[in-house]
Amino acid sequence: MDRPAIIRKTAADLRLPPNLADYAATRAAFSWDAVRAELAGLPGGRLNIAHETVERHAVGPLRDKAAFRFLGAHDTRDITYGELSRLTNRFANVLKSLGVGKGERLFLLSGRIPELYVTVLGSFKNGTVVSPLFSAFGPEPIATRIKLGEGAVLVTTELLYERKVAKIRGELPTLRHVLLVGEEGRATNVPGTLDLATLMAQASDEFDIVPTGPEDLSLLHFTSGTTGTPKGAMHVHGAVATHWATGKYALDLHAEDIYWCTADPGWVTGTSYGIIAPLLHGVTSIVDEADFDAERWYRILDEQKVSVWYTAPTAIRMLMKAGAEIAKKHSYPALRFVASVGEPLNPEAVWWGKEVLGLPIHDNWWQTETGGIMIANTPAFDIKPGSMGRPLPGIEAAIVKKESDGKVSPVDTADTEGELALKRGWPSMLRGYLHNEERYRKCFAGEWYLTGDLAKRDADGYFWFVGRADDVIKSAGHLIGPFEVESALMEHPAVAEAGVIGKPDEMVGEVVKAFVSLKKGFEACEALRMELLGHARKKLGAAVAPKEIDFLPSLPRTRSGKIMRRLLKARELGLPEGDTSTLEGGA
Ligand code: AMP
């Protein structure tokens, strides 16, 4: 079908007056201080995310409004702002009674259950730093992150503990307490752990928020790079100003919205926009505890009267694949805005939204390090399908080129490819990588934060994603570091060397593909391939493990010994091999 390059918006496309009506005027008048003035704050210039998201509403007119509606397997449970205040007070008291203090790290490993949300917000109240783990991680990524983050507490479920944590517990000496959520509310009795429900029942529901400052740490989000261990991106309570502004402008939240963010809180979207931003704006959030299911998702959009929906390209492609017939079994009169993040959103997906849901999908861009949405298509913008949109108020974005002296300078000409950079200083910018000052410093060149993404800006100021500047892999919206996968494969006795790439995939963006060479005495065969796939899956978990493994006699390396993943990828895809002058034994 021939479709125009631009979807023009008119007043008829807007169900409510948009929060960002005049882009140029709002950007010109914008100041972060004005946003901070919208926050309640704590006495003495202090700030705590839990106060802004929960306490402020719990003592006002929103006290009895549902903050979350949890859709479980068998039932639905609403938690009001007032109840969320009491539950999070209890959890903060649990931490206090265990001697867990301000700045200590609590790790979280669970599905989207109410306890997860209570734990995050209760930890903020206690000044404890939260580090969420993805529940589909295997034991190895879990151990790596808890060790790097020197976790003092882990909150998880009995099932996940027994499957993934019990066997690595001995490797985690900093972990003083493990709090377990029992299956279907049952009390747990696992040696070396505590039952969360029992502790909650014994705790008081009154708590004075620990007076954190805007620069105190709130969240530690692990993300992957090309080399080395995962990086712990440190975020602060002051980031809440970005969550407030982006909840308003990028997600266009209005008080009466029913909002559904499908992201898992094991990743940054699930905390910034699955927990913090909607609560700041006093809306009701839907939380689906189940895994993806096309029929179920359409039913939720319909029955829960979702008005603002924030989802991801892989999910949209899976809905597209399931066919429009299922979508047509339902109707979506309440739905007024759909946004997507995490990977490139194909123009067909933008149009599919318009044709099937009656609304185009609005792509937006950000990353773990930015803490919040930076570039977006908002309800009043014309959409250029395939573009990530324009920088939000308060955000300066540019395409930069590196000069020979290492400095960078913005490229003024339109449609030129280069690295996407952001002018430093927005409130939710990471404050460092835990114990990795050098890597953090490398993210900046003068006043610019370098994103590691390649992009272009067109003459109208719209940004277009081109690709990653490094070797990290984006699979189903999850960032995967090739080094972590290679290391797990190398632990198998048959593997001499491993190189891991992202192989383009229509559904999930990229799948993890590994190339291995074998040690002397091992034969490449189907049985060994299956064994290696199983080995990796057991160690890394389904979300990270390779889906394909090929054997090679040896892997291409640079003269300095680094595996040339770029070359492996070019060969896999039948693309030109590019500059191979550094190839060991090469030209
Ligand atoms: P993460 O830190 O895991 O959230 O991953 C961030 C990365 O995901 C970005 O640096 C991009 O490479 C990619 N990404 C996020 N949003 C988009 C988008 N709208 N279009 C293309 N890539 C995106």
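Only the coordinates and a few stated rules stand behind these numbers; no lab work does. Note that this is a predicted model, so its numbers are computed, not measured. Glycine also receives a Cβ, built like all others from the backbone with ideal geometry; neighbour counts cover every protein chain displayed.
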- Task: Counting other beta carbons within 10 Å of each Cβ, put Cys525, Cys261 in order, fewest first.
- Result: Cys525, Cys261
- Among bridges DSSP assigns within the range 106-262, what percent are antiparallel (round to 5)? 25
- Note on the structure: Going residue by residue through the range 349-363, the Karplus relation 6.51 cos²θ - 1.76 cosθ + 1.60 with θ = phi - 60° gives ³J(HN,Hα) values, rounded to whole Hz and with x marking Gly or Pro, of 5, 4, 5, 4, x, 5, 6, 9, 9, x, 9, x, 8, 9, 6
- Among beta bridges assigned by DSSP with both residues in the range 309-444, the antiparallel ones amount in percent, to the nearest 5, to 60
- May I ask you to list the aspartates and glutamates whose Cα is less than 12 Å away from that of Lys384, ignoring any residue fewer than eight positions away on the same chain? Glu348, Asp363, Asp458, Asp460
- Query: Percent relative contact order of the range 145-225, based on C-alpha pairs within less than 8 angstrom and at least six residues apart?
  - Reply: 25
- Item | Euclidean distance between Cα centres, the range 527-587 to the range 316-393, Å | 34
- Task: Select from the range 56-152 those GluC sites (Glu not before Pro) which occupy a DSSP coil region and have at most 13 other Cβ atoms within 10 Å, ordered by residue number.
- Result: none
- Task: Counting only C-alpha contacts under 8 Å and six or more residues apart, can you give the relative contact order of the range 473-573 as a whole percent?
- Result: 28
- Beta bridge orientation in the chain: antiparallel %, DSSP, nearest 5: 60
- Given the pairs Lys96/Lys164; Lys513/Lys538; Lys125/Lys423; Lys401/Lys474; Lys513/Lys539, which are separated by over 19 angstrom at their Cα positions? Lys96/Lys164; Lys125/Lys423; Lys401/Lys474
- Message: From the phi angles alone, apply the Karplus equation (6.51, -1.76, 1.60; θ = phi - 60°) to the range 317-326 and give each ³J(HN,Hα) in whole Hz, x where the residue is Gly or Pro.
- Response: 5, 5, 5, 4, 5, 5, x, 5, 4, 5
- Residue order, fewest to most beta carbons within 10 Å, for Asp460, Asp550: Asp460, Asp550
- So what is the relative contact order of the chain, in percent, for Cα pairs below 8 Å that sit 6 or more residues apart? 13
- For Met564, Met320, Met490, Met374, what's the fewest-to-most ordering of other Cβ within 10 Å of each Cβ? Met490, Met320, Met564, Met374
- Under 5 Å from the placed amide H of Gly452, counting only residues 5+ away or on other chains, we find Leu420
- For the chain, what does -39500 (n - 2.57) per DSSP helix run (n ≥ 4), summed and divided by total residues, give at 222 nm, in deg cm²/dmol to the nearest 500? -7000 deg cm²/dmol
- Item | Sites matching GluC sites (Glu not before Pro) across the range 469-546 that sit in DSSP coil, with at most 14 neighbouring C-beta atoms within 10 Å | Glu491, Glu506, Glu523
- Task: May I ask for the distance between the Cα centers of the range 431-450 and the range 60-135, given as a whole number of Å?
- Result: 31
- Where trypsin sites (Lys or Arg not before Pro) fall in DSSP loop in the range 134-192, at most 11 other Cβ within 10 Å: Arg186
